[in-house]
Amino acid sequence: MKVVVINSGSSSIKFQLLEMDKEEVLATGLVERIGSSEAQVRCTYRPGEQTEEKHIQSINCPDHRHGMRLAVQLLVGPGRPVADPGAIAAVGHRIVHGGEEFHQPTLISDEVLAAIEKNIPLAPLHNPANLDGVRIARELFAEVPQVAVFDTAFHQTIPPEAYHYALPAHLYRQWRVRRYGFHGTSHKFVAGECARAMQRPLEELNLITLHLGNGCSMTAIEKGRSVDTSLGLTPLEGLVMGSRSGDVDPAMHAFLARNCGMDIESIDHLLNNESGLKGLCGMNDMRDIHAAIAAGDTWAELALAVQTYRNRKYIGAYLAVLGRVDAVVFTAGIGENDPVVRARTLAGLEPLGIAIDTERNHCRSAGPRRISSDDSRVAVWVVPTNEELAIAREVRALLTPA
Ligand code: ADP
């Protein structure tokens, strides 16, 4: 079963072709800087287990339609991984915001497209680009089933006391202002992989999952279901991210408007693009931050301290939410690769039953690995995420019900 996974963003399209009988990646690619005459196209083919062919070019790509055409040309045709579009069983699309309508991956129809469109006010940057990808893919793969996989869907099990903000009720009734949460596909995937590695049914496990990449979020998972998560109405709330502030006093907006001459657009930009690690120390890549700390940069040290302190505070909150926790799970770019962030996030939590083993924490592995000490009551795991595979699995599960 060959599945194409598309992640159509505002200026890029990521794509992957997977053979889902063996969960093998046949090709993976990226069209970047869509809208420019010097867009970058990259594609890596994996015709055999050990072999890789890279394809990189710079090209004029005025819009998403061109971008999608390029992607399809790289996947389908003579000499490509798939000879004709008929060999593709399904296309899976990452959709950022499914609002309250979508709790599951969903086969795309005109009605589903209209419902996703209705959620544009909730994700004005993401949903239009996601929708462009879907519309063009429906033209290019006319006979192939298309499936929407929502970043928000996994969090639709969060109970009302955790998803409501203490705001006038009409804002929820009329505008659906509430917590939605994001990175759901990743949290669900690593929870499942962790359960498998622990050889326990997911339905029995209480987990705290930390997705720490450029965007960061934490989820409290009770018996396999999301019961709280740190991202909110938009992907800004909660943890300290690469360039996003995470939690701030909501009165910050009024303060900045009244005292700093900022309007709502510039405040939104500040909190989403100029804050977080980048705001504190000018760098948003954790590898650069470590190098700067080694060179004596005190703001870089502060950025690391603020991020890991916030992580620890949320872990405390989710320990209280869940009562019993079986495992804490780290994933994504920082979570998978940064032993310092993991150690500082969990520092001092031994009295709460969480203790990592220094040597295990510094090992590397391609698959899931346990990094807690043998006497840690709560296990600590590093589990690599794989959103494309997660989407392709959701597509397979939807189209081939057990
Ligand atoms: P996203 O998918 O949100 O763009 P990723 O999950 O790929 O992000 O994470 C990207 C981030 O991971 C980088 O900005 C960097 O901070 C961090 N990162 C990647 N590799 C390492 C590493 N070896 N050590 C520490 N941090 C890393």
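What does the range 220-299 give for Rg and for Dmax, in Å, if only its C-alpha atoms count?
15.5, 48
Just in the range 92-154: which GluC sites (Glu not before Pro) are loop by DSSP and have at most 14 other Cβ atoms within 10 Å?
Glu100, Glu143
If you bin the C-alpha pair distances of the range 23-107 every 10 Å from 0, what whole percents do you get?
P(r) over the range 23-107, rounded to whole percents: 15, 38, 33, 13, 1.
Show me the ranking of peptides 381-393, 364-376, 194-206, 345-357 by mean Cβ neighbours inside 10 Å, starting with the highest.
Final packing ranking: 381-393, 345-357, 194-206, 364-376.
How many percent of the accessible area of the chain is carbon or sulfur, using a 1.4 Å probe?
Carbon and sulfur atoms account for 53 percent of the accessible area of the chain.
Calculate the length of the line joining the C-alpha centroid of the range 1-79 to that of the range 293-335, in whole Å.
Comparing the Cα centres of the range 1-79 and the range 293-335, I get a distance of 34 Å.
For the chain, rounded, prolate or oblate, judged on the Cα gyration tensor with a ≥ b ≥ c (square roots of eigenvalues), a/c < 1.5 rounded, else prolate if a/b > b/c?
Here the chain falls in the rounded category.
For the range 183-261 and the range 115-146, compute the distance between their C-alpha centroids and round to whole Å.
Centre-to-centre (Cα) distance: 24 Å.
Which of rounded, prolate, oblate describes the range 265-402, given a ≥ b ≥ c as roots of the alpha-carbon gyration tensor eigenvalues and a/c under 1.5 marking rounded, otherwise prolate only if a/b is larger than b/c?
Oblate is the answer for the range 265-402, as a/c is 1.5 or above yet b/c matches or exceeds a/b.
Express the accessible area of the chain per residue in Å², computed with a 1.4 Å probe while the remaining protein chains stay in the model.
46 Å²
Mind listing which chymotrypsin sites (Phe, Trp or Tyr not before Pro) in the range 113-178 are in a DSSP loop and have 14 or fewer other Cβ atoms within 10 Å?
Loop-located and lightly packed - Tyr165.
For the pairs Lys22/Lys188; Lys223/Lys278; Lys22/Lys118; Lys22/Lys278; Lys118/Lys313, note any where the Cα-Cα span goes beyond 32 Å.
Over 32 Å Cα-Cα: Lys223/Lys278; Lys22/Lys118; Lys22/Lys278; Lys118/Lys313.
What shape does the range 129-197 have by the C-alpha gyration tensor, where a ≥ b ≥ c are the square roots of the eigenvalues, rounded means a/c under 1.5, and otherwise prolate means a/b greater than b/c and oblate the rest?
Oblate shape, in that a/c is at least 1.5 and b/c is the bigger or equal ratio.
At 1.4 Å probe size, with no ligands or nucleic acids counted, give the accessible surface of His66 in Å², nearest ten.
Rounded to the nearest 10, the figure is 80 Å².
Ranked from the most accessible area to the least, with a 1.4 Å probe and all protein chains present, what is the order of Val306, Val3?
Correct descending sequence by accessible area is Val306, Val3.
Which value in deg cm²/dmol, rounded to the nearest 500, describes the helix-derived mean residue ellipticity at 222 nm for the chain, given -39,500 (n - 2.57) per DSSP H run of n ≥ 4 and division by the residue count?
-11000 deg cm²/dmol, from helical runs alone.
Normalise the Debye intensity by I(0) for the range 173-330, one equal point scatterer per Cα, no solvent, then take log10 at q = 0.08, 0.18 Å⁻¹ and round to two decimals.
Results for the range 173-330 at q = 0.08, 0.18 Å⁻¹ read -0.27, -1.10.
Taking the DSSP beta bridges in the chain as the whole, what percent of them are antiparallel, to the nearest 5?
Within the chain, antiparallel bridges account for around 65 percent of the total.
The values are calculated or read from the model by the stated rules, or taken from the named source; none is laboratory data. Computed from a predicted structure; not experimentally measured. Virtual Cβ from ideal backbone geometry, glycine too; neighbours counted across all protein chains shown. With ligands, DNA and RNA removed, areas are computed over all heavy atoms of the protein, side chains included. Shrake-Rupley method; radii C 1.70, N 1.55, O 1.52, S 1.80 Å.
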